Structures are given as C-alpha cells and as structure tokens.
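Below: one structure, written as structure tokens.
Coordinate-derived values only; no laboratory data. The structure displayed is predicted, hence computed values, not measured ones. Heads up, the Cβs are rebuilt from the backbone with ideal geometry, glycines too, and the neighbour counts pull from every protein chain shown.
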Amino acid sequence: MMETPSRRFGLYYSPTTSHYRQADLEAYLPILQRIGAGWLVVRSTASRAIPEAFLRGLLRAGITPFVHFILPWDTTSEEVSPILQAYGRWGVRHVAFFDRPNRRAFWGKTWGKPHLPSRFVDAFLPLAVAAEDAGLQPFFPPLTPGGDYWDLAFLRAALTDLRRRDATLTKQVGLCAYAWSEGHPLEWGRGGPEIWPQAQPYHTPPDSEDQRGFHIFDWYTVEARAAWGHVPPIFLLGMGSRYGHEPDATVEAKNTAIARRFWENDLPEAVIGGAFWLLTAPAGSPQVPTAWLDAEGHPRPIIKVLTKLAASRRWGSHHPATAPSTTTKGIPPSAHHYVLLPIFPEGLPPQYLSAVFPWLQSGLATVGFRIEEALQATHLTVIGRPEDYPPTVRQALAKATPPPQWIPLPGMDVASSGISPRQSEDIA
C-alpha cells in the first residue's frame, strides 16, 4: 500500500500545518476516494510532526502522503531528523524540503549574497541525507516558474553543485515542480527547449513557448539530464488551473483533462504523481477562494466532475472489470457502494484493514468511517460486529434503506453480526 499508486493524481491538502485531527481525516478521506486520488500533499514543520494517526489513516485508505516541509533556509538537519525518523516509522516515503528558493522573499536580507544556488545546496544537502537515513526519498523543492532567479538557471546550477558534492545521493533525490497552467493552454511548452529553442530567461518571443505551464516537467527533465546524466522521479507539487486565477469553467475543464491524462498514463514515466491545488483552507486564509471546498465546506463542481470521471474509469476498460466477490454480488455498475469501518481509539486493527484491502486495491467502492456518507450510498457494506459501532450508528444502520450488508471478520461470532450462516456463505 506504500508503493506508488496507479492513480497518480492527488490534492494539496491545506496551506497550513494544522487540521490533522481524526475528524478532519473522516471528513476529507471519502472525498479523496470518490475522485480517485492516489496522493495527498501535507505540510509539516521542523517543530511539530503531523500526527501518526492521520498519516496511517491515509495509508490504510490507499492514499499516499507526500510531506512538504515548509522551512526557513537556515534550518539544520538536527532540527528535522527526529521528525524524519518518526515519519519513516509511520510509513511515509516521500518528503520535499523548502518552498520556492528562487524567490527573493525566501532569503530575506541574504538574497544579495553571491552563489545563491550553491548556498541553497548548503541548506538542502544535510536535510536530504537525513531523510535518506530515515528511509525516506528526498525531493528537491518546487521553484517559482520564472521567478526572481530564473528557475531553469537556478535548477541547473543547484543540481550540478549537488552532484559535485554527493553523486551517490543524486541517484535517490527526486524533483518537485509547480505545473500551473494559468493563462496558457495545457499543451503550452510541450517538448521543452528542444522544441522551443528561442525561449530565453525573462523573454519568450511571440512565436515561442516556455516552461511556465503544465509541461514544466519537459523542461526540468532536460536540466536534470544535463546535470546528473539521468532523469529523476518528478512530482508536481501543484498543477493545473486554480480557482480564483481563471474562470471556474476553465478550471474544471483543464483539471479534468489533466486527471484523464493521469488515469490513462498519458504522461512521462518520470512523473510519478501530481497534486491539484487545493482541497481546503481555513477561514480567513487568502487561499480560501482557491480551495475545492468552499468556506462552508461545500464541494466545488470540480469534485463532482472528477467523481463521475473516477466512477466511469473504475467500471470501464482502464481498471479491473470485476471487483472482489464481496462487492459485486447483486450490485449494478451504476451503484454507489460504501464500505463502512468502525472507529477505534487505538487505530484500525489489522484484520479490519485486511478485510477492506480488496476494495482499496480495486477502487470499486468508497471505504470510510462516516455514517453520514454511508447512508447516502445505494449499497452499503458494514465491516465488523454491531458492538464495534456506537448505539447511534447502529440505530441509523437499522433504519437504512436498503438494509446494509454486514461482513463479520474471521473468528467472529456470525450470529452476533445479525446475518445467518447461509447469508455469510453468500457474502463470501
């Protein structure tokens, strides 16, 4: 479950480093599952770790967390190492350090000092080594496309210096990029500098195109190959079109097209994933207008569009045509199937996770913990025993229409689950 997901797009969670409660996980996980997300980018600092329960909850649901460390440029590896070690133990595998170091604002008063890319490698290299020691794959941070220091020049110089200092490490480091498409069609800059050789720093002739678009990965690929002799894994830490930056209809059209490209694997193999901006933002944040959930928590149209797209893909030719036998019996392809799990204070026991793994693997049902979501489904499967659920949940399930299908786990008393042994055989 910690391997690179086949459904390779996801969402950037929030512009803050908070909102990692169990209630947040229960609220947002069903949304990620409905749209077919495979990743969630979560922010971290050097002083406070994302809770283990939140990260493990994502992993149990088949969502791969990508941790983006938002750090000052002078952060030391000693400050970050304890959290990196914890993340490694909890199942995290991908971490990026810093954000847009080619901006003047990142450096403050030290901006004007010489050898900026080399000074950034001074900051990045110890953290990357600490991440590798913790069993994590470090990623070079995203740059501002263009930027105060031209991003392609900054990238080439920094990667060259990184290889000079530690050539072995460069075989492990990945690259991040911001692949925003605003103001340009999705195909803008496709093919990189080999197709658009006239593009120059801060000057793109009218008959040319540059890296400042969704296809920024084509340009970063050239820089990485020149500096390292190979193309590293690339993760698009932000991509597509953002609400508030383009008309809503444009946002939805462009991002749907990108989602299709991920579903259909119509991207270079080096691009292991990408995150749309932004799932949610706290009240008062300037990012609220960009979020896919509005200030009241209501989904923007893009969520409904991608939910329909994901459903069509799951039941279409691009994914397995048959689900696990426990899900397909009597369930038409048009049904919305929800698999409900109980909540335990100490976390989900392994046998419950094993029971739902076939659904997580196939993507043919929403797996979650929210009774409100479950009661809206056209088919409901409940995992475990009635006593695993609070009285209010049991009462709601007793009134559900159609009645839910209970699946006891191996070793449980079937009679206590409310289904007969014959029914249990039918379910299995």
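Between THR392 and ASN265, residue separation times 0.36 nm minus the direct Cα-Cα distance comes to 41.4 nm.
Taking every DSSP beta bridge that has both ends in the chain, the antiparallel portion is near 5%.
With the helix formula -39500 (n - 2.57) applied to DSSP H stretches of n ≥ 4, the chain reaches a computed 222 nm mean residue ellipticity of -10500 deg cm²/dmol. Sorting GLU194, GLU373, GLU223 by the number of Cβ atoms found within 10 Å of their own Cβ, with the fewest placed first, yields GLU194, GLU373, GLU223. Straight Cα distances below 21 angstrom link LYS304 to the lysines LYS254, with same-chain residues fewer than 8 positions distant left out. Note on ARG190 and ASP74: the extension gain reaches 38.2 nm, defined as 0.36 nm multiplied by sequence separation minus the Cα-Cα distance. Amide H to amide H, with H built 1.01 Å from N, PHE139 comes under 5 Å of VAL95, ALA96, PHE97, GLY174, counting only residues 5 or more places away or on other chains.
Between the amide H of ARG43 and those of SER14, HIS68, distances stay under 5 Å, these residues lying 5 or more places away or on another chain, with hydrogens modeled in the peptide plane.
If you wrap the Cα atoms of the stretch 187-282 in a convex hull and average its projected area over all directions, you get 7.7 nm².
With 0.36 nm allotted per residue and the present C-alpha distance subtracted, the SER118-LYS304 stretch has 62.4 nm of extension available. Close amide-amide hydrogen proximity is noted between ALA400 and no other residue 5 or more places distant or on a separate chain, at a cut-off under 5 Å (H modeled in the peptide plane; Pro and chain starts excluded).
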